[in-house]
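S.K.: After the structure tokens below, expect a handful of questions from me.
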């Protein structure tokens with residue numbers, strides 16, 4: 001999925017599905033609002049993310065490498081707390 005296609009569901013993934021993914025989820029929502037894009041954004045752990053359908057999966061590079069099986073669209077973050085990187089990455093997909 002590249003720019004132009006509508007992203008309806010974004011799933012933020014972290015190792016345990018707790019604090020860091022929730023913070024990234026809040027940042028994703030803020031960036032999408034700035035970009036004028038609407039999407040359903042939620043967060044989960046890596047194991048659960050393998051069973052959930054989403055248009056875009058967002059998370060740390062190592063977790064996205066583990067999740068990327070060729071059937072999912074994944075956005076890899078080098079620094080999960082860098083909002084500018086997040087914005088740059090999301091622009092590629094929304």
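Every read-out reported here was derived from the displayed coordinates using simple, explicitly stated rules and does not represent laboratory data. Note that the coordinates shown come from a computational prediction; the quantities given were computed from them, not determined experimentally. Please note: Cβ atoms are built from the backbone with ideal geometry, for glycine as well, and neighbour counts cover all protein chains shown.
S.K.: Going 7 Å from the Cα of residue 34 toward and past its Cβ, which residues in segment 63-87 have a backbone nitrogen under 20 Å from where you end up?
M.R.: Answer for this model: 75-87.
S.K.: Report the label-to-label distance for residue 83 and residue 65 in nanometres (one decimal), using points 7 Å from each Cα along the Cα→Cβ vector.
M.R.: So the two model labels end up 2.9 nm from each other.
S.K.: Let me ask something else. Got a sec? Which residues in segment 44-61 would a label at residue 91 touch, if it sits 7 Å along Cα→Cβ and we count backbone N under 14 Å?
M.R.: It comes to no residues whatsoever.
S.K.: Can you give me the relative contact order of segment 38-94 as a percent, contacts being Cα pairs under 8 Å and 6 or more apart? It would help to have the intermediate numbers written out before the result.
M.R.: On the way: 47 pairs, mean separation 15.2, N = 57.
So the answer I get is 27 percent.
S.K.: For 23, 64, what ranking results if the residue with the fewest other Cβ atoms within 10 Å of its Cβ goes first? Mind showing how you got there, number by number?
M.R.: Numbers: 23 15, 64 19.
With the fewest neighbours first, 23, 64 line up as 23, 64.
S.K.: OK, next. Which percent, to the nearest 5, of DSSP beta bridges fully inside the chain are antiparallel?
M.R.: On the way: 0 of 14 bridges.
That works out to approximately 0 percent antiparallel.
S.K.: Looking at the P(r) of segment 9-91, how many percent of alpha-carbon pairs lie beyond 16 Å? Before the final figure, lay out the partial values.
M.R.: Details: 1435 of 3403 pairs.
Result: 42 percent of Cα pairs exceed 16 Å.
S.K.: What nm value, rounded to one decimal, do you get for the distance between residue 73 and residue 52 when each label is placed 7 Å out toward the C-beta?
M.R.: So the two model labels end up 1.8 nm from each other.
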